[in-house]
Amino acid sequence: MDLTEPGSAFAGSLTMPILRALDGRSQLASAAQVYRVADQGTAAGIQRALDRLAAHSICNREELVGRALYLLNHDHVLYRAVAAVLDAHDAFVRRLRKSLEEWAPAPVAGVLFGSAARRDSEVESDIDLLLIRS
């Protein structure tokens with residue numbers, strides 16, 4: 001299970017890193033800035049993906065002195081879905097904790113380790129858990 005970028009299941013390979021790079025920003029960002037933060041793909045690929053996202057109004061695009069700048073559109077009808085996908089790893093951990101708390105007897109300790117914990121999992125990755133029960 002890809003807990004690093006689960007949204008890549010239904011979005012292009014650069015879409016989620018771009019949305020993650022734009023998430024939480026309050027100021028416009030250039031494609032070069034997004035490229036540096038996303039740390040994936042090529043500058044040209046990031047630019048094309050940003051333009052596609054802007055065409056769908058997922059992010060806003062503004063021209064400033066002949067340069068395109070972008071900002072995530074928090075008013076878009078899909079923003080809540082985008083935010084949910086960006087929060088998927090933390091949501092998984094919250095659900096796991098809740099589920100383990102319901103066990104009888106509850107584990108004394110639980111450790112998430114491996115690629116899911118490091119946030120570098122891929123589609124073929126498993127989820128490694130160490131559970132200690134009395």
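The values are calculated or read from the model by the stated rules, or taken from the named source; none is laboratory data. Since the structure is predicted, the reported quantities are computational estimates derived from the model, not experimental observations. Counting neighbours? That spans all protein chains shown, and the Cβs are built from the backbone with ideal geometry, glycine included.
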If you scan region 24-44, which residues turn out to be under 15 Å from LEU71 (Cα atoms) and in a loop (DSSP other than H, G, I, E, B)?
GLY24, ARG25, SER26, GLN27, LEU28
Might you check whether a residue that is in a helix (DSSP H, G or I), within 16 Å of the chain's Cα centre (by Cα) and not hydrophobic (A, V, I, L, M, F, W, C) occurs anywhere in region 66-74?
no
Filter region 34-44 down to residues that are of a type in the set (Gly, Ala, Ser) and within 18 Å of the chain's Cα centre (by Cα) and give me whichever is farthest from ARG20 (Cα to Cα).
GLY41
Selection status of ALA88, surrounded by 15 or more Cβ atoms within 10 Å (Cβ to Cβ), within 30 Å of LEU130 (Cβ to Cβ) and either in contact with a helix residue (DSSP H, G or I) (Cβ under 9 Å, 6 or more places away or on another chain) or in the same structural domain as SER13 (by TED's automatic domain parsing) (or both)
yes
So the check is Cβ under 9 Å with 6+ separation or different chains; which pairs have a first residue in region 29-49 that's on the phi > 0 side of the Ramachandran plot and a second one that's surrounded by fewer than 18 Cβ atoms within 10 Å (Cβ to Cβ) and part of a loop (DSSP other than H, G, I, E, B)?
GLY41/SER13
Can you say whether VAL93 is surrounded by 13 or more Cβ atoms within 10 Å (Cβ to Cβ), β-branched (Val, Ile, Thr) and at pLDDT 95 or above, as far as the supplied structure shows?
no
